[in-house]
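Worksheet: one structure, shown below.
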Amino acid sequence: MIRHAMNPSLKKALLLLAVVFLTIAGKTQIVNVESARMQSDTVGWQGSFGAAFSMTRNTIKIFGANADAHLQYKTSNDQGLWLILGNYNLLKVSGKNFLSDGLFHLRYNRKVNEWLRWEFFGQYQNNDITQIKSRILLGTGPRFKLIKQPRFRMYAATLLMYENEKEATIPAVEHSDLRNSSYLSFTWLPQDYLEMISTTYFQPRLAEFGDYRFMNQFMFKVKATPHFSLTVKWNYLHDRFPAGTAPKTIYNYATGFTYEL
């Protein structure tokens, strides 16, 4: 019989289930800006969205959901590109919120010449597993085109980033820092219907380089129809000084689909 007071073993089991669910549904800790860029000559708006749901009922009812959306706007003179990204994960146990995380990311990319663009971005996120009540990011810096071939592209960027973070801890902790946010990304298209994208970030705190985050996301996408694609993602995060008692290293594997408008 399940009582209102959750015993430790059940709580551990639910936490494990939550981690498994969020692994399947995807993570919002990493924003792969290169996988978000739609390589197209189309001027104006483009977009895609994806979703996943799960429902389990035994002695308790467990509901999980994940949704993500992506919009892109390219100006008519090809000088500017807007990216808008959103993601939300939710796990409910017996009708009550157990774990959730969300993200909103806005980025503007301005063309300077054929090999250089200047980027501006802002981001808001929260994540129960990594004990982040809220994290606000604002940044700007150059993005360089290193290689551009018909089936292979490589880019690098180094940006200055302001971060304000409130930790979901007792007592509450809040801090504001300046970080460097550098990334290296490549895209390979071995076939017209296959796409591989890898983006690696390094984000040290400027006042103390030993306080850094290292992140990588690898995505493999198979286009099933002109609008539907199947995706496989590998995410890895190492945070030298994470919030609260969150683990320093988190990694996951996720599968899903996307629908492109």
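The values are calculated or read from the model by the stated rules, or taken from the named source; none is laboratory data. Quick caveat: nothing in here was measured; it's all calculated off a predicted structure. Cβ coordinates were reconstructed from backbone atoms using ideal geometry, including for glycine residues, and neighbour counts include every protein chain displayed.
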(request) Among what's in region 95-130 and is of a type in the set (S, T, N, Q) and surrounded by 14 or more Cβ atoms within 10 Å (Cβ to Cβ), pick the residue that is farthest from I60 (Cα to Cα). (result) N109
(request) Would you point out the residue of region 55-84, among those that are of a type in the set (S, T, N, Q) and part of a strand (DSSP E or B), that is modelled with the lowest pLDDT? (result) T56
(request) Tally the residues that are at pLDDT below 95 and surrounded by 14 or more Cβ atoms within 10 Å (Cβ to Cβ), restricting the search to region 170-182. (result) 1
(request) Can you run down the residue pairs with Cβ atoms below 6 Å, 6 or more apart or on separate chains, where the first is in region 81-109 and over 16 Å from R135 (Cα atoms) and the partner is at pLDDT 95 or above and of a type in the set (S, T, Y)? (result) W82/Y108
(request) Could you check, for region 220-232, whether at least one of its residues is within 28 Å of Y162 (Cα to Cα) and either without any contact (Cβ under 8 Å) to a residue 12 or more places away in the chain or touching a strand residue (DSSP E or B) at 6+ places or on another chain (Cβ under 7 Å) (or both)? (result) no
(message) Within region 38-54, take every residue that is exposed (fewer than 12 other Cβ atoms within 10 Å of the Cβ) and within 14 Å of D78 (Cβ to Cβ) and give me the one that is modelled with the highest pLDDT.
(response) G44
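Of the residues that make up region 133-140, is at least one in a strand (DSSP E or B), touching a Leu at 6+ places or on another chain (Cβ under 7 Å) and farther than 30 Å from L90 by Cα?
Let us first name the residues in region 133-140 that are in a strand (DSSP E or B), namely 133-140.
In the following step, the residues that additionally are touching a Leu at 6+ places or on another chain (Cβ under 7 Å) were identified as 139-140.
Imposing the further condition that a residue be farther than 30 Å from L90 by Cα reduces the set to 140.
Yes, that holds for at least one residue.
For region 201-261, please list each of the strands (runs of 3 or more DSSP E) lying entirely inside it that holds at least 1 residues being within 18 Å of the chain's Cα centre (by Cα), of a type in the set (A, V, I, L, M, F, W, C) and at pLDDT 95 or above.
Numbers: elements: 208-223, 228-239, 249-260.
By residue number, 208-223.
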(request) Just give me the residues in region 149-169 being modelled with pLDDT under 95 and among the hydrophobic types (A, V, I, L, M, F, W, C), in sequence order. (result) A168
(message) Which residue is surrounded by the most Cβ atoms within 10 Å (Cβ to Cβ), if the candidates are limited to region 141-169 and must be farther than 22 Å from N89 by Cα and β-branched (V, I, T)?
(response) T158
(request) State whether one or more residues within region 175-182 are assigned to a strand (DSSP E or B), out of contact with any His (no Cβ under 6 Å at 6 or more places or on another chain) and free of Cβ contacts under 8 Å to residues at least 24 places away in the same chain. (result) yes
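Which is in contact with a strand residue (DSSP E or B) (Cβ under 9 Å, 6 or more places away or on another chain), among the hydroxyl-bearing types (S, T, Y) and either outside any strand (DSSP E or B) or without any contact (Cβ under 8 Å) to a residue 24 or more places away in the chain (or both), of Y155, Y162, Y124?
Values: Y155 fails: either outside any strand (DSSP E or B) or without any contact (Cβ under 8 Å) to a residue 24 or more places away in the chain (or both); Y162 fails: either outside any strand (DSSP E or B) or without any contact (Cβ under 8 Å) to a residue 24 or more places away in the chain (or both).
Just a single option satisfies the conditions, and that option is Y124.
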